[in-house]
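What follows is a set of notes on a single structure, which appears directly below.
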Amino acid sequence: MQTRAAFLSIISNFTLVVMKLVVGIITGSLSVISEAFHSAVDLLASFIAWLSIRESIKPPDEKHPYGHGKLENISGAIEAGLIFAAAVGIIYTSVGKFWHGVILESIDLGIAVMAVSMTANFFISRYLMRAAKKYDSMALEADSLHLKTDVYTSLGVLVGLVLVKVTGINLLDPIFAVGVALFIIKAAYDITRRSFMELIDERLPDEEIKKIERVISGYEKYRFMLGCHDLRSRKSGSHRHIDLHLVVCHNRTIKEIHDLCDRLEGDICNELPNSTVIIHPEPCGLDEKGCPPDCKVLVEGRNNL
């Protein structure tokens, strides 16, 4: 269940916030405290993701006939904003430390907590990504990518602390903190772009469009289906909306065309689950006198449905 996966992320981030904050205060490490702040933002983002998923899976209603899926995209955009704010805060604090100096104690404890954080986020991120692919959830994917960046930032802080321990140069700590912040900004940009592309109704990915086209081409055997055009698509959360125009022989009955559209819609939905497909049939434009005597549509159309 999507909400269960999102709630697991909340529990994990809450635990890491407490651990990092306590160890950061004990060691005096700016990079560890920065990571605690980052994890606090992660916690808020995970909570927002959990709320958005809980609401987005609700069925369509009178006020929201297309469902509530875009709440997941809004959640992703908010999460990206929080990540960016955390990065700015880290950079601001780090610059101050360059001027006032850094004093670190109990570095081994800081190294240990960052190793634990890196390991926990690695496994939680993988779990969330599997759930995101299973449920096609933008909110879970954003949360997974967010935690994946935490793995790398935790690794950066860990390496920085090890270098401080080996070299005794405490200023390496805020330097690595700035590096962590820059990496976080890149993650914020990626999540923002993905969220907004779906909010402005970008079409489905090329590989999904090709799947739709392959299904349509498989219907060429129905001779009175003469072609299609104006294929449009968009995504709302995990739900896809697809519509197209189907050119059919004007001699076919409404029932024949309706049955053909129903079958085509069903096959597209089988290929791309969680989709709504709307087909607008239109006549070929020829009257019966304009059709050639050996027109395969007239001769074989009925037998091929």
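Database remark: amide H of Cys228 closer than 5 angstrom to the amide H of Val247 (H placed geometrically; neighbours at sequence offset of 5 or more, or on other chains; Pro and chain starts carry no H).
For Ser217 and Arg193 in the same chain, what is the full-extension length gain: residue separation times 0.36 nm, less their Cα-Cα distance, in nm?
Values: separation 24, 0.36 × 24 = 8.64 nm, distance 3.27 nm.
Extra length from Ser217 to Arg193 when fully extended: 5.4 nm.
Taking the average, over residues, of other Cβ atoms within 10 Å as the packing measure, peptides 238-245, 49-56, 272-279, 109-116 rank 49-56, 109-116, 238-245, 272-279 from highest down. Distance between the pseudo-spin-label points of Lys165 and Val88 (7 Å out from Cα toward the beta carbon): 3.5 nm.
Under 5 Å between amide hydrogens, built in the peptide plane, is the criterion, and for Gly28 it picks out Glu105 among residues at least 5 positions away or on other chains.
Classify the stretch 2-199: rounded, prolate or oblate, from the alpha-carbon gyration tensor (a ≥ b ≥ c, eigenvalue square roots; a/c under 1.5 rounded; otherwise prolate if a/b is larger than b/c)?
Numbers: a/c = 2.84, a/b = 2.16, b/c = 1.31.
Here the stretch 2-199 falls in the prolate category.
Measuring between alpha carbons in the structure, the pairs from Lys134/Lys210; Lys63/Lys210; Lys58/Lys133 lying more than 30 angstrom apart are Lys63/Lys210.
Across the stretch 208-217, coupling constants 3J(HN,Hα) worked out from phi with the 6.51/-1.76/1.60 Karplus curve, θ = phi - 60°, read 6, 4, 5, 4, 5, 5, 5, 4, 4, 5 Hz, and Gly and Pro carry x.
Sorted fewest first by neighbouring Cβ atoms within 10 angstrom, Tyr92, Tyr152 come out as Tyr92, Tyr152.
Each value in this text was obtained by applying a stated rule to the coordinates, not by laboratory testing. Just so you know, these numbers come straight off a predicted model, no measurement behind them. Cβ sites come from the backbone with ideal geometry, for glycine too, and all protein chains shown count toward neighbours.
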